[in-house]
Amino acid sequence: MSSTSELIQPIAQTFKVNQVSGIYITKIGIYFASKAEDADYPVQLSIRPTVNGVPHSSKIIENSVSFKAASDITVSTTATTETIFNFEEPVYLEGGKDFAICIQSNALGNAYKVWTAKLGDFKLGSTTERLQTDPYSGIFFKSANGRVFEADQTRDLTFKVYRANFLNTNSLVRFNAAPPPVKSLTNNPFLFASNDATVTVAHPNHGFQVNDVVHISSDSSGLDSATSINGIFGSSILGSRAITHIDGTGYKFEMDSAADSSVFGGGNSILATQQYIIDSFKPNIEILQPQGTNHRMVAGLTTSKSFGGDETAYGSLPKHATANKTDTFLNSPAVIATAVRDTALTRSSYTIDLELISKTSYAAPSVDLQRASVISVHNIIDNPDSAATNGFNVPLNYVPETVTNFGSSLAKHISIPVLLAEPATGIKVLVDVNRPKGTNFDLFYKVLDAGGDISIEDTDWIEASKVEPNSNHNTLPIDTNYNVFREYKYIIGGTYQGDLAPFTTYQIKIVMRSTSSTDVPRFKALRTIALGT
Amino acid sequence: MELARLTVNPYTLDDSDVSMTYVDNRRYTMRDISDLETRMDKIEEITTLNMLELETATLEVLDSAGVNRLKVGLTADNFTDHSQSLRGAIDYRASTDVFNRELRPSFVANSSELVYDSDASNSVSLIGDTVYPLYEEVVYASNTQASSATPVNAFNLGVTIGHIKMSPSTDTWFDTVRLPAKIVDGGTKLDPSNTSLWNDWGFNWSGVQADSLKPGYSETKTSKNGRTTSTVTSTIVKSETVITSMSDEVLYETSIQYQRERFIFFKAQGLRPNTRYFPFYDEIDISDFVQTGSGKFQYFAAQATNSDYLDPGDKYINQTEFPPTLGGKTETIISDANGTIEGIIFIPNKDAIKFLTGTRQFTLIDISELNRINATSYASADFVSTGTMQHYQEDIKHTRRHAIQTTIQTTQDPNYNNSSGGDNEHRPGGDNYYSYDNGEIGGTTPHNEANAENFGPPQQRPAGLGRPSAPSWGPDAEV
């Protein structure tokens, strides 16, 4: 409902909507007795809510304003030919409430006049018959100054209100997700290698797969085809490029020529296409759903591939039931792809089919397309290794997790360093974990010797071995129940007495791994105990 | 409800024999209940954490004698916040689900427009920006009787107030922004992969700061051990920058302060015909950002999936006026003979001109300042813009790595006298030249023919630690 404090109070006629479901009105017919010259101001018709039966002074029902130029108005001296004011969209009016038809114009000199019926007057064109009953159950309002309404209980506007009579067919609305817009990359996103035509692009969460095509461009202030950076013309970088290697931080592609040296470059105006990986999604569609109506929703999805997964990208998934404004979790990742990929697929990579259901002809669900969107959520996780093996991915720059501050895994939790008043020689760690199929985790620790003169930040991580439930947790059953958390135990430094050099600072790191981004390990209740001798 | 208790003594003589005790009835307001709920939540959280800590503290960790081992310290984290997470670490990459008290990997969330596909839809029609099931029009209410005519403008208004329709009229979005990557200077490192570990001195750049090294720089060291003189030349053969992405995480979420770049279609009706109008948005003149020439009113819902008007993303991020590629700005905006103006607004988001989110008013007015008192005609409409932004930041470690190639040349002094001490083992003679390339010891032992008879036949030995080893012969090593 639009609201403004500037409304003038014109002539108005109220009417009531009796149906509980409400109605959609589509147009209103008004009968004109006279009109202004063609070049004069038009006539405006609008619908307002009422307060205690009086038209609202400052609110208009949304989309209920309609204009009619003088040239389009039909004057009917017998009040038999109506001038139709069409609404650009059907206007929904709630059930059980009164609404007011308001008519106004700035044309001077009483140029526009509309027919009304006054109780006790002669019927138009007759001197033998008077109006003996109230012509209509609503109330006619007028104003002497444009600011205050005054009710005329004996008069009613001559009018017709038209509504939508819904046919109750199987109505289906298809939505396609728009390809993700181009992304402005971080400053100097290209990492060139000396005498190498392969360039690494810093583009986290890009959503691409190997052999996908990324389109690199630049806005008018930045790199163009003739610009040379590091011995390479922009034309060797810009345009559509086939991706040769990916990880969660970016990707690589081949330029048309090799770079002179190993530097960052590209400036701050580089744009790149991107894709959105979907591990869960939430449709946000504004559906006006009157009483007695309903809707159903299914999603059409296109497969994607996790970093360490064996899924096949760009296949079709079966239709997936979903609900509006509710999270839907997938069993394998999907994707909202680029326009190029959609074209190759000959379909949209992500669709929503919305079925509109109604049991009454007076009302039905309607869908506001101005506010139709979907939020896609992607878990950032991988299963990295230094060499390509089944179930693992090779990052652009693999670094094992034992290296302090460098590990290339995409998912990890690091605890704050724990300072001890007395030296310890062992650590016991307990954590409750829900570990779905294809997921795994590793626990690392680091300790700082008592009296050590280096920072714990400069100390490398050491992988810890589980003692329970099993040292080889690949043999454990996976947790298929989302709510089941299994307790894992570690005793670092020996089961019975600590064999670590006495330390006064320790720190824990949990590295999360998965072959599918839809399935991730989840952790609860992390407990650590520093043990003395 | 009991309010008070009265005690009446026997033979009540006066009011001193009657005493009254008020009952403490607490009358809680909704505010009190809200405060209690908040306190209960805190108590529940603290209790849960305390129980976890208590459970941890009472765990028995036994030694070989069955005695409980001394607990020097303990921690318990139920992941209700990040207080025990090293969020400041450059490679921290996890998120917490505070409602379920869980730790899980970090995530990224994106918002995509959903576009109506008329070809694949059934029994519906797109009207304006809304889709409806099919319908037919019927009369709902009417009064077809008439007796007299009533003037529409009996009060002769002097000011013309029009009406503006906008599409879209709202912009609700969920977006992410990437803060400039935090570059951590990893310093300069020497990459010995092309050399070998020759008791460390093969790459011992004594007195030279690694940061000052450049390709081509070389250093030669000579040492003598008995009859053997070794000359090691270490050369920086190439220098490269190593980028290591160490984290990429949501630092915080905020309500977005400024509106994003956006195109808005508008149609103003009921204005003065053939009159010049000036556009204002949030009380700022936006004449440079309005197109009313080729730009006609369109419904947002009718845009194709690849339309610039749907979601321009960052494409026009540097525009200082209505994009010339889309028709450019309109210098003079004039209503048509019917009092209608239609066109497109480009909402900029530049430092020079940007608009706060929330409800902002677009106004067309027939004077060049936004002063309705002096104008004879105007029209206004509200545009609502709300967004949530996730702020991401990537930490990048930036390391300069110098690759070293080391050549080692050893010479044997034929005049060396064993009795003078030193290396008195029998070793193959000649000038030995070792070249290490790509980390492989491709060592050869060029034989010094001139000294062959003095030092026996040329032999090949394992190059332990980079120099000919003591007698540990490989098979068929003697040639």
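Rounded to the nearest 20 debye, the dipole size of region A:365-441 about its Cα centre is 140 debye, using +1 on the Cβ of Lys and Arg and -1 on the Cβ of Asp and Glu.
With the Kirkwood sum run over all distinct C-alpha pairs, region A:3-163 has a hydrodynamic radius of 16.2 Å. Which whole number in µm²/s is D for chain A by Stokes-Einstein, with the Kirkwood Rh taken over Cα pairs at 4 °C and 1.567 mPa s? The diffusion coefficient I find is 44 µm²/s. Of the trypsin sites (Lys or Arg not before Pro) in region A:6-78, not one is in a loop by DSSP (not H, G, I, E or B) with at most 10 other beta carbons within 10 Å. Label separation (A:Ser228 vs B:Ala154): 8.3 nm, computed from points 7 Å beyond Cα along the C-beta direction. The simple spin-label model puts a point 7 Å past each Cα toward its Cβ; for A:Phe122 and B:Ile284 those points are separated by 6.4 nm. From most to least packed by mean Cβ count within 10 Å, the peptides A:522-532, A:480-490, B:13-23 give A:522-532, A:480-490, B:13-23. Across all directions of projection, what mean area in square nanometres is found for the Cα convex hull of region A:301-460? Value for region A:301-460: 16.6 nm². Both radii were evaluated on the Cα set of region B:81-140; the Rg over Rh quotient, with Rh as the Kirkwood radius, amounts to 1.41. Ignoring ligands, DNA and RNA, what percent of the 1.4 Å accessible area of region A:183-272 is carbon and sulfur? Percent of accessible area from carbon and sulfur atoms in region A:183-272: 47. Its Cα centre serving as origin, region A:183-272 has a Cβ charge dipole (Lys and Arg +1, Asp and Glu -1) of approximately 160 debye.
Whole number please: convex hull volume per residue, Cα atoms of region A:183-272, in Å³.
Normalising the Cα hull of region A:183-272 by residue number yields 74 Å³.
Counting only other chain Cβ atoms within 10 Å of each residue's Cβ, the peptide A:400-406 averages 3. With r defined as the distance between the Cβ atoms of A:Val467 and A:Asp327 and R0 fixed at 41 Å, what FRET efficiency is calculated, to the nearest 0.05? Given R0 = 41 Å and the Cβ-Cβ separation, E is 0.65. Taking the Kirkwood radius as Rh and the Cα radius of gyration as Rg, region A:278-331 has a ratio of Rg/Rh equal to 1.10.
Of the peptides B:111-119, B:83-91, the order by per-residue mean of other Cβ atoms within 10 Å, starting with the highest, comes out as B:111-119, B:83-91. Evaluating kT/(6 pi eta Rh) at 4 °C and 1.567 mPa s, with the Kirkwood radius of region B:293-362 over Cα pairs in the Stokes-Einstein relation, gives 92 µm² s⁻¹. Placing dummy labels 7 Å off each Cα toward the beta-carbon, the span from B:Arg39 to B:Asn122 is 6.0 nm.
Note on region A:245-373: semi-axes of the ellipsoid equivalent to its C-alpha gyration tensor, largest first and rounded to whole Å, are 40, 17, 12. Mean partner shielding of peptide A:157-170, defined as the number of other chain Cβ atoms within 10 Å of each residue Cβ, is 6. Extension gain for B:Tyr11-B:Glu369 works out to 119.9 nm (0.36 nm per residue, less the C-alpha to C-alpha distance).
Quantify how strongly other chains surround peptide A:418-430 by giving the mean number of their Cβ atoms within 10 Å of each of its Cβ atoms.
Neighbouring Cβ atoms belonging to other protein chains average 3 per residue here.
Working from the Cα coordinates of region A:411-531, the gyration tensor eigenvalues give, after taking √(5λ), semi-axes of 28, 15, 11 Å in decreasing order. Just want the answer: with Cβ charges of +1 for Lys and Arg and -1 for Asp and Glu, which residue in A:Thr83, A:Ser64, A:Phe159 is farthest toward the dipole's positive end in region A:3-163? Checking the options against the dipole of region A:3-163, the answer is A:Phe159.
The values are calculated or read from the model by the stated rules, or taken from the named source; none is laboratory data. Everything numeric here is computed off the predicted structure, so don't read it as measured data. Neighbour counts are summed over all protein chains in view; Cβ atoms, including those assigned to glycine, are modelled from backbone coordinates with ideal geometry. Remember, those area values only see protein heavy atoms, side chains included, never the ligands or the DNA or RNA. Shrake-Rupley method; radii C 1.70, N 1.55, O 1.52, S 1.80 Å.
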